[in-house]
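This report refers to the structure that appears directly beneath it.
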Amino acid sequence: MFKKNRHGIQIKTAEQLDKMRAAGLVVGRTLDLLRRVVEPGMTPLDLDVIAEKAIRDEGAVPSFKGYQGFPATICASVNDEVVHGIPTNARKLREGDIISIDCGAILDGWHGDSAVTVPVGEVDPKLTELMRVTEEAMWRGIAALSIGRRLSDIGYEIEKYVRSQGRFGIPAEYGGHGIGTEMHMEPWIANHGRPGRGPSLEEGMCLAIEPMVNLGTERTRVLADDWTVVTIDGKQSAHFEHSVAVTHNGPWVLTALDGGAERLAQLHN
């Protein structure tokens, strides 16, 4: 029922891609809502409540909640938290913070997964630049998703762009992944490396592209909650992610409201 290639990577039919798109739009609309409501004084748990309602109101199910014991609908990672932050009421967001919001949903058995990093009010220009570099690196990686290119080309394009923009840390142990009937599937996708390696990209592959970029060192550690990843030096980190399908027309960004058309067109001009 679910085709896989010789590398164990799930290959979707056109009909299955349409279902992936429907799940992706649930996530895209939820993140668009969260991006608009973030403000000083809110807690990460406030955002989690909004996200769960938005997902369930669309007939979908939060994919993170209960996943390997994770207790919430979103991952909410503030400032020096890189990924997998657990949303709580323990602290309020303050002017000048940045927060990464990672969100997943399941609709009709298919997964969508996406993340954005959002400024809380006015932030330091160096954090605005960190977010810009990380998001642009994601789009450079997405643009590499064309039939016949190699898997490692994605991480190569991400790293090449980040390195061209200054001294930033790219945590080597975290990266993207295949997505489809499960949230995390083959293959794992590094955010760094040499080009021209690994499986060839095929029509029907769906991959979650998600660079994480630190303002300082690439080194990280996991807190005592066994989830939250933080930078060793306490400097801020940004994280962006989209779920993307490889098609004969190029990348189809399943979790972007416009399918990625605007940003991909800008890269090709």
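What follows is calculated from the coordinates using simple rules that are stated; it is not laboratory data. Just so it is clear, the model here is predicted, and its values are computed rather than measured. In this analysis, Cβ positions are derived from the backbone assuming ideal geometry, glycine residues included, and neighbour counts consider all displayed protein chains.
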Can you tell me the Rg and the Dmax, both Å, for the Cα atoms in the chain? 17.2, 50
At 222 nm, what helix-only mean residue ellipticity would the chain give, in deg cm²/dmol to the nearest 500, using -39500 (n - 2.57) for each DSSP H run of four or more? -9500 deg cm²/dmol
At what distance in nm do the modelled label points of R132 and N249 sit from each other, each positioned 7 Å from its Cα along Cα→Cβ? 3.1 nm
Amide H neighbours of M212 at under 5 Å, excluding residues fewer than 5 places away on the same chain, with H built from the backbone geometry, are none
So if we plug the beta-carbon distance of S146 and D32 into 1/(1 + (r/R0)^6) with R0 = 25 Å, what FRET efficiency do we get, rounded to 0.05? 0.40
Which one of H84, G196, G109 has its Cα pushed farthest toward the positive end of the charge dipole of segment 3-268, where Lys and Arg give +1 and Asp and Glu give -1 at the Cβ? G196
Which of K19/K65; K65/K235; K12/K126; K53/K160; K3/K65 have a Cα-Cα distance over 31 Å? K12/K126; K53/K160
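Rounding to the nearest 20 debye, state how big the charge dipole of segment 1-147 is about its Cα centre with +1 on each Lys and Arg Cβ and -1 on each Asp and Glu Cβ. Please list the in-between numbers first.
On the way: 18 positive and 21 negative charges, 131 e Å.
Charge dipole, segment 1-147, about its Cα centre: 620 debye, nearest 20.
Could you tell me the relative contact order of the chain? Use alpha-carbon pairs under 8 Å, at least six residues apart, and round to a whole percent. Don't jump to the answer; show the numbers that get you there.
Working: 684 pairs, mean separation 59.6, N = 269.
Result for the chain is 22 percent.
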